[in-house]
Amino acid sequence: GVEVQTDYVPLLNSLAMYGWQLTCVLPTPIVKTNREGNLSTKQIVFLQRPSLPQKAKKKESKVNNL
């Protein structure tokens, strides 16, 4: 009789535009009950994005031009 609802899609879509990717979701022992008796839990979301080597190349080319 328990249904779990999570919706990370809006968060992930907004961050994906900037290269962020979901790597892990960790549940925590924090549980809260609202007025209707529904339980909610806190979760820790880990995101990462690849490094951007293009910026390093631009700095090197400026040094080489001096």
For the stretch 36-45, which residues satisfy the criterion of being loosely packed, with under 10 Cβ neighbours inside 10 Å and in a strand (DSSP E or B)?
Ile44
Would a scan of the stretch 27-35 turn up a residue that is modelled with pLDDT of 85 or more, open to solvent by 80 Å² or more (accessible area, probe 1.4 Å) and under 14 Å from Thr6 (Cβ atoms)?
yes
Provide a single number: the residues in the stretch 12-26 that are surrounded by 12 or more Cβ atoms within 10 Å (Cβ to Cβ) and either modelled with pLDDT under 90 or hydrophobic (A, V, I, L, M, F, W, C) (or both).
5
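So, in the stretch 46-66, of the ones that are open to solvent by less than 90 Å² (accessible area, probe 1.4 Å), at pLDDT below 90 and not small (Gly, Ala, Ser), which residue ends up nearest to Val9 (Cα to Cα)? Lay out the reasoning, then the answer.
Our first condition is that a residue be open to solvent by less than 90 Å² (accessible area, probe 1.4 Å); within the stretch 46-66, this holds for 47, 50, 53, 56, 61.
Now drop any that are not at pLDDT below 90, which leaves 50, 53, 56, 61.
Then drop every residue that is not not small (Gly, Ala, Ser), which leaves 50, 53.
Numbers: Pro50: 20, Pro53: 28 Å.
The residue in question is Pro50.
The values are calculated or read from the model by the stated rules, or taken from the named source; none is laboratory data. Just so it is clear, the model here is predicted, and its values are computed rather than measured. Ideal geometry is used to build each Cβ from the backbone, glycine not excepted, and the neighbour counts take in all protein chains shown. All accessible areas refer to the heavy atoms of the entire protein, side chains included, with ligands and DNA or RNA removed. Shrake-Rupley method; radii C 1.70, N 1.55, O 1.52, S 1.80 Å.
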